[in-house]
Amino acid sequence: MGTRRQFIRNSAALIGAAMLWPRKLGAVKLPPKETAGAPTTELFRAVNGTPQANTEKLIDLMGGVRRLVGPEDVVLIKPNVQWWNQGAPSLGAVKCLVDLIMNRPGGFCGEVVLAENCHRGAAPWQHAGWSTPFERNADCPGADNYNDLCRLLKRDYGDRFSAIHWVNVKDGGRRVSGPAEGTGYVFCDGTRGVPLLEFNNGLDGERFRAVIMTYPVFQTDRGTRVDFRHGIWEQGGYSERPFKFFNLVGLNHHSVWCGVTAAVKNYLGITDLSGGPDPHRDGKLTGSYYNFHSFPFDEWAPGPKPGMIGAEIAVFLGTVRRADLNIATAEWVGLAHRTLPPAARTRAVLAATDPVALDYHAAKYILYPNSGIKHHNPDYEAGAFHHYLKECADRGGGVLDERQVRVLSYDLSRGAMQTDGELAVAGEKTWGRDGRSILKYLVLRYL
């Protein structure tokens, strides 16, 4: 009993300390980033402006939207909308990105599609970040959630804009073998004329698990049918019309068994997660194959082999499709919770063609300096986040060594580019009044 009482007293003291003296929980100081003489990839950032201003500057740093998008492209933007507030991308940044594409210099007669599988059943638009009012990342006039945002975009752009909800087969979606059969999910299990795209964890006995690649086929409001893997389907065959994929994410705490939600993990919202997250209670897609969540994890705990979420996504990148551009909108980042404070307003938007490089940098220089939680540090080799970034990089999914990444970062408050020694972001924190969330943060940071 005494131990329990002492724990309660200590917990109360920690909560009180966080609420009364938050400045004592300052930002983590990092040494300057080191860059090799001939970097193999580039990362772009804009900081200290509004989400809209940061997004505009980011695209400008990359050479302008005309360089990224062609006049007839079908552009898929895939946000993570399973949560809201800091658990989803900034509404203002997303609106700005779509506006830039639609108003592309030289003209744009293509389409922009905002699509997601938030794994919330047969009517996902009634849940999560689609319908829940935002308190943070609600920086778009006239929009409090993603349903509102899509209504604004539909009003402004008509059938050039589409909002699409991918639905798991077990929740009422259809399984198809390709676009000739209509819209739905393709399961790459080697049947029905579909190739086998399989990956396993290499373990023996009960610890062995295998997963297959899955991807959606969908149709826009203009009637354009898109096969996520192969591209645009027209007149009974695949056309040469360009299809672009932008992987758009918020930056947020996830858990000790996964670490950070950002660009790599966002691929789970493309795949079919029929069977649920627990491999011990179904978790199966078809036959003996698990889905992208039940394969690497034991529901809300680590699975039999570290890093397998990164490994399976690397296989997806190599066999199905990788994003043409990964964008992280880090206006607000959650320090210990997907939707509740404590959170830090870090005022940043980042982009890279390499999802591993983007996640490494965003976590190390934006999330970790504000949280101080070791599980957010990509260099913490015992952490789940490090494991999955390394597995993804080792299997061809990207670059983990930040010395091979050239960072071009612009500070809008100063009107100048930043040096490698100025990249760590210290945001203004909000603590809220949820005792459990604050206690969770303190435990994660200090225990």
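The values are calculated or read from the model by the stated rules, or taken from the named source; none is laboratory data. Nothing here was measured: the structure is a model prediction, and the numbers come from that model. FYI the Cβ positions are ideal-geometry reconstructions off the backbone, even for glycines, and counts take in every protein chain you see.
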Of the residues that make up the stretch 196-207, is at least one under 23 Å from the mean Cα position of the chain (by Cα), over 22 Å from TYR267 (Cβ atoms), outside any strand (DSSP E or B) and in contact (Cβ under 8 Å) with a residue 24 or more places away in the chain?
no
Would you confirm whether or not the stretch 376-391 contains a residue that is over 13 Å from CYS258 (Cβ atoms), of a type in the set (S, T, N, Q) and crowded, with 24+ Cβ neighbours inside 10 Å?
no
Given (1) surrounded by fewer than 20 Cβ atoms within 10 Å (Cβ to Cβ); (2) under 23 Å from the mean Cα position of the chain (by Cα); (3) among the polar types (S, T, N, Q); (4) not in a helix (DSSP H, G or I), SER177 misses just (2)
Any chance the stretch 434-447 includes a residue that's touching a Gly at 6+ places or on another chain (Cβ under 9 Å), farther than 18 Å from THR261 by Cα, at pLDDT below 95 and not hydrophobic (A, V, I, L, M, F, W, C)?
yes
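Which of the residues that make up the stretch 180-209 are surrounded by 15 or more Cβ atoms within 10 Å (Cβ to Cβ) and of a type in the set (A, V, I, L, M, F, W, C)? Explain how you work it out, then say what you get.
Keep residues of the stretch 180-209 that are surrounded by 15 or more Cβ atoms within 10 Å (Cβ to Cβ), which gives 183-189, 194, 197-201, 209.
Hits for the stretch 180-209 are VAL186, PHE187, CYS188, VAL194, LEU197, PHE199.
Quick one: count up the residues across the stretch 45-68 that are touching a helix residue (DSSP H, G or I) at 6+ places or on another chain (Cβ under 6 Å) and either surrounded by fewer than 24 Cβ atoms within 10 Å (Cβ to Cβ) or hydroxyl-bearing (Ser, Thr, Tyr) (or both). It would help to see each step written out before you state the result.
Of the residues in the stretch 45-68, the ones touching a helix residue (DSSP H, G or I) at 6+ places or on another chain (Cβ under 6 Å) are 46, 51-52, 55, 59, 65.
Right, trim to either surrounded by fewer than 24 Cβ atoms within 10 Å (Cβ to Cβ) or hydroxyl-bearing (Ser, Thr, Tyr) (or both) and you get 52, 55, 65.
Within the stretch 45-68, residues that are touching a helix residue (DSSP H, G or I) at 6+ places or on another chain (Cβ under 6 Å) and either surrounded by fewer than 24 Cβ atoms within 10 Å (Cβ to Cβ) or hydroxyl-bearing (Ser, Thr, Tyr) (or both) number 3.
Please go through the stretch 231-261 and give me each residue that is assigned to a loop (DSSP other than H, G, I, E, B) and either touching a residue at least 12 places away in the same chain (Cβ under 8 Å) or polar (S, T, N, Q) (or both), ordered by number.
The first filter runs over the stretch 231-261 and keeps only residues assigned to a loop (DSSP other than H, G, I, E, B), leaving 235-236, 239-242, 254-259.
Correct list: GLN235, GLY236, SER239, ARG241, PRO242, HIS254, SER255, VAL256, TRP257, CYS258, GLY259.
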Name the one entry in ALA115, ALA122, ALA93 that is aliphatic (A, V, I, L, M) and either in a loop (DSSP other than H, G, I, E, B) or free of Cβ contacts under 8 Å to residues at least 24 places away in the same chain (or both).
ALA122
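Sort out which residues of the stretch 208-224 are within 14 Å of TRP166 (Cβ to Cβ) and not in a loop (DSSP other than H, G, I, E, B), and write them in order of number. Talk me through it step by step, then tell me what you get.
So in the stretch 208-224, the residues within 14 Å of TRP166 (Cβ to Cβ) come out as 214-220.
Within the stretch 208-224, THR214, TYR215, PRO216, VAL217, PHE218, GLN219 meet the criteria.
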Scanning the stretch 102-118 residue by residue, those closer than 17 Å to PRO89 by Cβ and either aromatic (Phe, Trp, Tyr) or under 18 Å from the mean Cα position of the chain (by Cα) (or both) turn out to be VAL113, LEU114, ALA115, GLU116, ASN117, CYS118
Residue by residue through the stretch 23-70, note down the ones that are touching a Cys at 6+ places or on another chain (Cβ under 6 Å) and either in a loop (DSSP other than H, G, I, E, B) or not β-branched (Val, Ile, Thr) (or both).
GLN52
In the stretch 131-151, which residues are closer than 30 Å to ARG241 by Cα and surrounded by 23 or more Cβ atoms within 10 Å (Cβ to Cβ)?
TYR146, LEU149
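Could you check, for the stretch 214-221, whether at least one of its residues is touching a residue at least 60 places away in the same chain (Cβ under 8 Å), under 18 Å from ASN291 (Cβ atoms) and more than 20 Å from the chain's Cα centre (by Cα)?
First pass over the stretch 214-221, keeping only residues touching a residue at least 60 places away in the same chain (Cβ under 8 Å): 214-216, 218, 220-221.
Those left that are additionally under 18 Å from ASN291 (Cβ atoms): 214-216.
Imposing the further condition that a residue be more than 20 Å from the chain's Cα centre (by Cα) reduces the set to none.
Taking every residue of the stretch 214-221 in turn, none turns out to be touching a residue at least 60 places away in the same chain (Cβ under 8 Å), under 18 Å from ASN291 (Cβ atoms) and more than 20 Å from the chain's Cα centre (by Cα).
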